[in-house]
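Single-structure report; data block below.
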Number of protein chains: 4
Amino acid sequence: MRMRIAVAGASGYVGGEVLRLALGHPEVEIGAVTAGESAGSPLGAHQPHLPALADRTIAETTPEQLAGHDVVFLALPHGRSAELAAQLSEDALVVDCGADHRLTDPAAWQRWYGGEHAGAWPYGLPELPGARDALRGSRRIAVPGCYPTAGTLAAFPAVAAGLVEPEISIVAFSGTSGAGKAAKPHLLGAEVMGSAGAYGVGGGHRHTPEIVQNLAAVSAASTVPVRVSFTPVLAPMPRGILAVASAPLAAHAVTEEQAREVYAKAYDAEPFVHLLPAGTQPQTKSVVGANAVQVQVAVDADAGRLVVTAAIDNLTKGTAGGAFQSVNLALGLDETVGLPTTGMHP
Amino acid sequence: MRMRIAVAGASGYVGGEVLRLALGHPEVEIGAVTAGESAGSPLGAHQPHLPALADRTIAETTPEQLAGHDVVFLALPHGRSAELAAQLSEDALVVDCGADHRLTDPAAWQRWYGGEHAGAWPYGLPELPGARDALRGSRRIAVPGCYPTAGTLAAFPAVAAGLVEPEISIVAFSGTSGAGKAAKPHLLGAEVMGSAGAYGVGGGHRHTPEIVQNLAAVSAASTVPVRVSFTPVLAPMPRGILAVASAPLAAHAVTEEQAREVYAKAYDAEPFVHLLPAGTQPQTKSVVGANAVQVQVAVDADAGRLVVTAAIDNLTKGTAGGAFQSVNLALGLDETVGLPTTGMHP
Amino acid sequence: MRMRIAVAGASGYVGGEVLRLALGHPEVEIGAVTAGESAGSPLGAHQPHLPALADRTIAETTPEQLAGHDVVFLALPHGRSAELAAQLSEDALVVDCGADHRLTDPAAWQRWYGGEHAGAWPYGLPELPGARDALRGSRRIAVPGCYPTAGTLAAFPAVAAGLVEPEISIVAFSGTSGAGKAAKPHLLGAEVMGSAGAYGVGGGHRHTPEIVQNLAAVSAASTVPVRVSFTPVLAPMPRGILAVASAPLAAHAVTEEQAREVYAKAYDAEPFVHLLPAGTQPQTKSVVGANAVQVQVAVDADAGRLVVTAAIDNLTKGTAGGAFQSVNLALGLDETVGLPTTGMHP
Amino acid sequence: MRMRIAVAGASGYVGGEVLRLALGHPEVEIGAVTAGESAGSPLGAHQPHLPALADRTIAETTPEQLAGHDVVFLALPHGRSAELAAQLSEDALVVDCGADHRLTDPAAWQRWYGGEHAGAWPYGLPELPGARDALRGSRRIAVPGCYPTAGTLAAFPAVAAGLVEPEISIVAFSGTSGAGKAAKPHLLGAEVMGSAGAYGVGGGHRHTPEIVQNLAAVSAASTVPVRVSFTPVLAPMPRGILAVASAPLAAHAVTEEQAREVYAKAYDAEPFVHLLPAGTQPQTKSVVGANAVQVQVAVDADAGRLVVTAAIDNLTKGTAGGAFQSVNLALGLDETVGLPTTGMHP
């Protein structure tokens, strides 16, 4: 088994992370690397950390360039993926790292993104109940958003077990690579270093409906709608998301031990999710570059809330690593093949 | 009017910030600078940013060294301030930058700090209803904690106006100077740069009861206890706190305009609190070094929550600046004298 | 004495720093704030750290808008200042924070910038021998580049005293605000955080001829040309320059004490330059926001070189602070009026 | 071929990096992990990024614990390695990541470190002429210091080819992990973030004689002593070294093309050294976590100097990666086995 992959959007951060992981994946052969404006230039000019690919020339992103590969990764702005995917072979495994095929509800798509809904694809968060079955053998994968990966993994076991009322509050701190490589003044180093600021406050971020969709799908409180307050914060670091998810305890008597058992049950068999020992907390640095999630659970008895913290690398488990995890599943490989779980510390 | 001040704990971060502000305060003359282990060394060895004081020798922190000053700032570990303050003149204005005199409830003190409760002093958060009256003419001031300053200013107008149910969730992202200058491995630059991690999760941080105390004192819902879930996050920046406070809306119909009016009413006359124009968000960098608070209000109609964001500098408005603001009040000066509202950007 | 100032380029980093300092200068009244693309928007949208000016509307940069002020600060791209200055009153004090009037040699201008040479103005580095005389009463000031400020102050006393051969090597680490606010991919936070890289290596940076000009003007070795190897490095910090200047000792027997005496003689009377105590080193953090320079001198007997280190804030002493220092001189004020020497630490 | 390794000093930064790389090395089995004060605690408490080893208990560093392994990595303070190594089997491959066996000259050892000289071991910088021969089959390896790795690789081709006079000036900017994990106030995050400062200025750093030794060994100018002025700068980043090495051109006529040819000849066949395309510069971020070196060469004709820049990760190519490279050689494996050349970007 050996897959030949193409990467559209190869000059950006997500494309670069797909290629970084591809170089370490024993079953991958790297085929076409394509982009828009960067087409024609050497990959090394855009991805200086990948010396093995430095001399590759970036091709233009067209259906023709992407044809003839086993797997095609699309790391493109929303709207663009759906259009392109429609022109790719049904036999190829197409992996959309963008938003086009994540939402199942056309009305939600219309509200949050606008334009025509391209339809949902199997959702690439294998840890979510039922997700693996949908991914196995699939030829289309919708890679989750980075915040939804962190937020969903922090909250879903509690929601599914009915530990909490489905009124979830998530505040998530993200490294600035999550905003991509397009140069905008507020993302300049001089602006972000030494500073923190929220954005999309009050439910304005497009990842909100995706988190709601994930949690609603597993909610134990089937008659009560799941509501999610999501606040993203831009943090002065290049990579990483730390999500703090909390919700009112469904019953006063829930103890930390009980909550821990729920999370242990959800994650003990998961190869990429690490419920930390009591007394320690997730740190984003520990999962930088790894397809790994660190999770910790706490009960605040005074406030009557469950508080769960989760750390991921937005580009690895949050995007490209999660994508390869799903690709492995789709192609019948061991889910863990080629995926690092070791972070970069310090 | 000219005050002669002494600073105990002059080699630490809070002491350094008191001195930095003192140098810009037109009514201040700097008297004794004292410390524990650093006694005998030049101040310049500990506060390299204060060339005007570089050659001052640090004296030992004793009641004798601190005697004979109009104002004595105590920047000491908790427990130590109360002990020392008891030996200082009742005529001197004693300003405790530590925790010893913040909590009014002896049982809360006992639970969170242990040992004998030294009693509460007038609380140095002038923006809080009633606080200015208590501070005017006082000879003792308890400077609030940095997180309680940010969290209280984010939440209290909504709680006081009954905009929200008193179930407040606060996640606050803090620069590492908040942890002080004592060298601990997890505070090393190599650990914190590029990383974010929560601590004291589940209600374990000692600033929680202080926030509860502040909000309970103003709560419109007098028969319902105020509950606060507080999660601090260590952020890769030297200074600054960004607090995200949210709570369920008390009534479904609350609009952002109504919420904004409540905050405008609370803050329009406040010299140091800036309710930002709609569409902009607080950034910690904008208030670095300033005795300033940036606040923004949002209503998340889907989630049924009010979400308020606030940015301060933990060492300035969060400690030393807030302290001088209260000192100005206590001594009958204009509250704004000598306090910068201009931040350091970029 | 009270000066009314105008600031052209008020939405950029240099313009913002001029305004930040202006707010703390007792003799300044802020008149017109102008810009190009940002004209028409409120200043608060660009300078969120200046609440006192948040509601000012930015006017367009035209000679008419800038007329009628005592002092006009030009914080504009090179080429643009000269053009505009030519249309301003000869009675106004015009301060060019750009490069247009720094170089005295038309051939050097032609080689490094191209186009017509606009002629040199009095050079705003008061610490340089002879500079104060030229600045007093002047109605035109050329503010030095940030690197030349750091590099010249590190090297000139040794060059002037003949301590070293005039073969100066300068490696300087700069915060990214030195590159301005225009959004470029390599200046994104995700790129610069956690990384260091040189640029303009091999003598390609336009600040090189300015340093040569400064050192040549004072060189004790009048028959030997001054040569400068200058390597700038982009550092993962928002502000600050640390310059490491070294050169071969002119005589083997030079001791650190002798070198120190030379620097003490040059700087002991300087209000903004601090020769640090032996055993300590300049740190950029200590001078952030301050019109201050920290300097240290070392002799490497094994290598036969003098090594001098200097730290400044590129925006303060390196640009806007140095500009006000020269303005004070030009207008007959005390040179130190309104200029902070206290840095922001930690 | 499969090697069982032991790591002494497993709780520190170097030990952690050895283990991180070991997990990715196909021929390595991890045996004993030992430490001093941390003995008895789980490895996960010290190396949170290595989930695969989280439950390993750290043993005490004793000859007995380290016995029975094919390779023993010593990541210990200087002085301690030599003492311990003397008690280890001569058949084991002992790899000293510390300084004890780097210097060949007992007098240099005495001057820079003091105490008895333990004798030099084969020096683990395979790129240095002659080094591979000494490493093949060896049972003892002295891993170079991180600065000497960067500085030597930047300078030696020019020195060996006689391109420059042997008067080398090196300024190197290092991430703070180079200072280790021991908590010291000046290494706190609040101190280092946003700041740069030199140390050991004037030839005081112990890595200086090591660089001199390396360059003297290859110098084309056999009758002229090699002199090195080395200035290390602490940079606000966790990992990475950027070295700027310069020296007077030996002849005026040397062109950049000629210099480039010399470096291409030295490095084209090297698997871990990448001479970058003209017009690009090494960035430390590009080599984070990689056993890779980025190098660029420039000729400054005006200054008459060659300027070479080099970037490494101090913990990877600078220590643990370089160590494995040498281990591969010593054991007869392909030199590149198990060593990542892909960096972590952004």
Close pairs from the range A:254-270: first touching a residue at least 12 places away in the same chain (Cβ under 8 Å), partner of a type in the set (Asp, Glu), Cβ under 6 Å, at least 6 apart: A:Glu270/A:Glu127
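If you check C:Val228 against the conditions, is it assigned to a helix (DSSP H, G or I), closer than 30 Å to D:Leu276 by Cα and either more than 8 Å from every other protein chain (Cβ to nearest Cβ) or of a type in the set (A, V, I, L, M, F, W, C) (or both)?
no
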Of all residues in the range C:157-191 being in a helix (DSSP H, G or I) and at the interface with another protein chain (Cβ under 7 Å from one of its Cβ atoms), the one that is nearest to the chain's Cα centre (by Cα): C:Ser177
Leading residue by the ranking (surrounded by the fewest Cβ atoms within 10 Å (Cβ to Cβ)) among those in the range D:172-224 that are closer than 28 Å to C:Val295 by Cα and basic (Lys, Arg): D:Lys184
Hits in the range D:249-267 - residues which are within 13 Å of another protein chain (Cβ to nearest Cβ) and under 23 Å from D:Thr316 (Cα atoms): D:Tyr267
Positions within the range C:22-54 being away from chain B (no Cβ under 14 Å), surrounded by 20 or more Cβ atoms within 10 Å (Cβ to Cβ) and under 18 Å from C:Ala183 (Cα atoms), in sequence order: C:Ala35, C:Ser38
Selection from the range D:1-41 of residues that are of a type in the set (Gly, Ala, Ser) and either outside the structural domain of D:Thr62 (by TED's automatic domain parsing) or not in a loop (DSSP other than H, G, I, E, B) (or both): D:Ala6, D:Ala8, D:Gly15, D:Gly16, D:Ala22, D:Gly31, D:Ala32, D:Ala35
Flag if A:Tyr147 is without any contact (Cβ under 8 Å) to a residue 60 or more places away in the chain and either surrounded by 24 or more Cβ atoms within 10 Å (Cβ to Cβ) or within 14 Å of chain B (Cβ to nearest Cβ) (or both): no
Residue in the range A:55-62 that is touching a Gly at 6+ places or on another chain (Cβ under 7 Å), assigned to a strand (DSSP E or B) and more than 14 Å from every other protein chain (Cβ to nearest Cβ) present: no
Of residues in the range C:289-305 being within 16 Å of C:Ala172 (Cα to Cα) and aliphatic (A, V, I, L, M), the one nearest to the other protein chains (Cβ to nearest Cβ): C:Val297
Residue in the range A:111-133 that is within 14 Å of chain B (Cβ to nearest Cβ), of a type outside the set (Gly, Ala, Ser) and over 21 Å from A:Pro271 (Cβ atoms) present: yes
From the options D:Ala243, D:Ala235, residue that is over 17 Å from D:Glu165 (Cβ atoms), surrounded by 18 or more Cβ atoms within 10 Å (Cβ to Cβ) and at the interface with another protein chain (Cβ under 8 Å from one of its Cβ atoms): D:Ala235
Lone unmet requirement of (1) of a type in the set (D, E, K, R); (2) within 21 Å of A:Ala243 (Cβ to Cβ); (3) more than 14 Å from the chain's Cα centre (by Cα) for A:Glu127: (3)
Qualifying positions in the range C:246-272 - surrounded by 19 or more Cβ atoms within 10 Å (Cβ to Cβ), in contact with a Leu (Cβ under 7 Å, 6 or more places away or on another chain) and of a type outside the set (A, V, I, L, M): C:Ser246, C:Tyr263
Number of positions in the range D:273-302 that are part of a loop (DSSP other than H, G, I, E, B) and crowded, with 24+ Cβ neighbours inside 10 Å: 6
Matching option when the condition is under 21 Å from the mean Cα position of the chain (by Cα) and among the small types (Gly, Ala, Ser), among B:Ala278, B:Ala259, B:Ala251, B:Ala245: B:Ala245
Top-ranked residue in the range C:85-115 [being over 15 Å from C:Ala6 (Cα atoms), in contact with a strand residue (DSSP E or B) (Cβ under 8 Å, 6 or more places away or on another chain) and without any contact (Cβ under 8 Å) to a residue 60 or more places away in the chain; ranked as surrounded by the fewest Cβ atoms within 10 Å (Cβ to Cβ)]: C:Gly98
Matching residues in the range D:60-84 - criterion: being buried (at least 19 other Cβ atoms within 10 Å of the Cβ), at pLDDT 95 or above and among the small types (Gly, Ala, Ser): D:Ala75
Qualifying positions in the range A:94-148 - in a loop (DSSP other than H, G, I, E, B), of a type in the set (D, E, K, R) and at pLDDT 95 or above: A:Asp100, A:Arg102, A:Asp105, A:Glu127, A:Arg136, A:Arg139
Qualifying residue in the range A:7-21 (condition: surrounded by fewer than 15 Cβ atoms within 10 Å (Cβ to Cβ) and away from chain D (no Cβ under 14 Å)): no
So A:Val218, is it within 14 Å of chain B (Cβ to nearest Cβ) and among the β-branched types (Val, Ile, Thr): no
Residue in the range C:333-340 that is outside the structural domain of C:Ile211 (by TED's automatic domain parsing), surrounded by fewer than 24 Cβ atoms within 10 Å (Cβ to Cβ) and either small (Gly, Ala, Ser) or in a helix (DSSP H, G or I) (or both) present: yes
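The values are calculated or read from the model by the stated rules, or taken from the named source; none is laboratory data. All figures in this text were calculated on a predicted structure; none of them were measured in a lab. Cβ: placed from backbone, ideal geometry, glycine included. Neighbour counts: every protein chain shown.
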